[in-house]
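One structure below.
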Amino acid sequence: MNLRGLVLGIAALCVMLPAVGASAAVSMGELQRQAQQMREREAKIWTQREAEQREEMAKQEKLAGDALARRSRAEARSNALSAEFDQNSGRIEEMRELLRQYQGNLGELFGVTRQVAGDSATVLNTSMLSVQFPAAEGEESREELMRRIAAAKTLPSFAELERMWFELHREMTESGKVARFTANVKQVDGTIAPAEVVRVGPFTAVSDGKYLSFDASQDLLSVMPRQLGPRRAAIAEDLQEATEGHVKAVVDPSRGALLGMVSERPNFIERIQHGEVVGYVIVVVGILGVVNALGQYIYLFITRASVAAQLRNLSNPNKNNPLGRVLLAFRADGKEAWSPEVAELRLSEAVLREVPRLQRFQSFLRLLVAAGPLLGLVGTVVGMIITFHAITASGSSDPKLMAHGIGQAMIATVLGLGIAIPLLFINQGLSALSNGITQILDEQSQVLLADQLLKRES
């Protein structure tokens, strides 16, 4: 410390030398006093710095101790948690083993329960019994219950199993009943109003004499836009009005699918409209053939009746029938009639004159019989062209896009065959009638000729 003070004093002396040179009045004692003051200030600074260092070191030591303590506590907690984890893992394994022991055959039962629930969910989703027996407020629907049990990973509770059994049992028992209840029914115009519904199991439902369909998305019964025709509508009315006894009923085992298909089946007019221009042409051809055939049938029946009357009175020929005209032609010229050759020619000529009248329109009907399938083929080709155009325009083979063209093609074919086959039988009947009358004329002409030959020989 003395050495440091000596150095400081020398330094101060050196600094003060100019002042000494400038002022000779400064004494050596003053210099010593100043040096002493500088030493005291320096000692005070060093003391303060040492105190600050000691304080900082103490603080750092305290922080290090706290960190070590926290580390020790963390290590202890980690060890405790690790031991607890190992203990819990062992406990879980013990509980799993115990669960397997408790389950026993319940595992197989759980699998069957899930399968039954999954199958029943689809059935209950399409069952109109949901309208009559809706879920209580705040209670999940029976379909939701079945789907949840089917997707569960654990055994269902006893309450869930009990309700599952109840819903399945009710579905089974109500399937064999005819019930009458009140429910909201959606009309064709979209309005929903309460109405009386008669249900035949889960298969068919009627209301106000109209068949209903079940909308599973809304749990709502709605009136079918197209009904099943007057005869089946009368059955629906009788079913709704019946209170006892046995009545006819339409039962759809597919729960509405078959009724929907039947209701969407087009009638005769719609089929013709579906065939478009070709369909109308085929129908006109068929009507024309039927009208001509009907007129010819009437003529042939009247002619056959008059010929039968003439057969009963051959001695008095009448011009109102072919046989009478043949007899009158034979007797027109007595001189020539004595000649067998001339008589034969006259008879043949008279019979030939009658044949066109008896067979008129038959060739025309044969033409229509041949034209019907050809027109149907034309409609088929047009329909296929429409189908190919739809495929080309859409770029896909969507059945809905092809349905119109294929429907037109098939309808045209059916209509063509539908007029050709009946007209074929009608023409065959006309041919049989006309041939029968012609045969009578031939027989009677041969009889006249034979009588003429006998008279000449006698």
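The values are calculated or read from the model by the stated rules, or taken from the named source; none is laboratory data. If you're wondering where the values come from, they're calculated on a predicted model, not measured in any experiment. All Cβ positions, even for glycine, are placed from backbone atoms using ideal geometry, and neighbour counts span all protein chains on display.
Considering only residues in the range 113-139 that are in contact (Cβ under 8 Å) with a residue 24 or more places away in the chain and in a loop (DSSP other than H, G, I, E, B), the one that is surrounded by the most Cβ atoms within 10 Å (Cβ to Cβ) turns out to be Met128. Which pairs do you get when a residue that is in a loop (DSSP other than H, G, I, E, B), found in the range 240-262, comes within reach of a residue that is hydroxyl-bearing (Ser, Thr, Tyr), reach meaning Cβ atoms under 6 angstrom, with the pair 6+ apart or on two chains? Within 6 Å, the pairs are Val250/Thr204; Val251/Thr204; Asp252/Thr204; Arg255/Thr126; Gly256/Ser213.
Which of the residues that make up the range 140-182 are assigned to a loop (DSSP other than H, G, I, E, B) and modelled with pLDDT under 85? Even if it seems obvious, please write down each step before you answer.
Taking the range 140-182 as the starting set, the residues that turn out to be assigned to a loop (DSSP other than H, G, I, E, B) are 140-141, 152-157, 175-177.
The answer is Glu140, Ser141, Ala152, Lys153, Thr154, Leu155, Pro156, Ser157.
Any residue at all in the range 142-151 that's surrounded by fewer than 14 Cβ atoms within 10 Å (Cβ to Cβ) and over 28 Å from the mean Cα position of the chain (by Cα)? No, that holds for no residue. Once the range 152-170 is narrowed to residues that are among the aliphatic types (A, V, I, L, M) and over 21 Å from Leu220 (Cα atoms), the residue that is surrounded by the fewest Cβ atoms within 10 Å (Cβ to Cβ) is Ala159. Does Arg231 qualify as being surrounded by fewer than 17 Cβ atoms within 10 Å (Cβ to Cβ), at pLDDT 80 or above and over 23 Å from Pro134 (Cα atoms)? Criteria met by Arg231. For the range 373-385, the criterion of being within 30 Å of Thr438 (Cα to Cα) and either outside any helix (DSSP H, G or I) or modelled with pLDDT under 80 (or both) is satisfied by no residue at all.
Residue-wise test of (1) modelled with pLDDT of 85 or more; (2) surrounded by fewer than 10 Cβ atoms within 10 Å (Cβ to Cβ); (3) among the acidic types (Asp, Glu).
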position: Gln53; (1), (2), (3): yes, no, no
position: Glu56; (1), (2), (3): yes, no, yes
position: Ala67; (1), (2), (3): yes, no, no
position: Ser72; (1), (2), (3): yes, no, no
position: Ser82; (1), (2), (3): yes, no, no
position: Arg100; (1), (2), (3): no, no, no
position: Gly111; (1), (2), (3): no, no, no
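The set of residues in the range 187-227 being closer than 20 Å to Val250 by Cβ and charged (D, E, K, R) consists of Glu196, Arg199, Asp208, Lys210, Asp215, Arg226.
The residues in the range 358-372 that are part of a helix (DSSP H, G or I) and over 15 Å from Ala432 (Cβ atoms) can be counted, and the count is 8. Kindly indicate whether Glu237 is outside the structural domain of Ala409 (by TED's automatic domain parsing) and outside any helix (DSSP H, G or I). Taking the combined requirement at face value, the residue does not satisfy it. Taking the conditions exactly as written (modelled with pLDDT of 75 or more and crowded, with 18+ Cβ neighbours inside 10 Å), does Leu365 satisfy them or not? Yes; evaluated as a whole, the condition is true for this residue.
Residues considered: Asp215, Asp219. Of these, the only one that is in the same structural domain as Pro134 (by TED's automatic domain parsing), within 17 Å of Val185 (Cα to Cα) and in contact with a Lys or Arg (Cβ under 8 Å, 6 or more places away or on another chain) is Asp215. When each of Val116, Val123 is tested for being assigned by TED's automatic domain parsing to the domain that holds Val178 and within 26 Å of Gly260 (Cα to Cα), the lone residue that passes is Val123. Residues that are touching a residue at least 40 places away in the same chain (Cβ under 8 Å), surrounded by 13 or more Cβ atoms within 10 Å (Cβ to Cβ) and farther than 16 Å from Leu365 by Cα within the range 282-310 comprise Thr303, Arg304, Val307, listed in sequence order.
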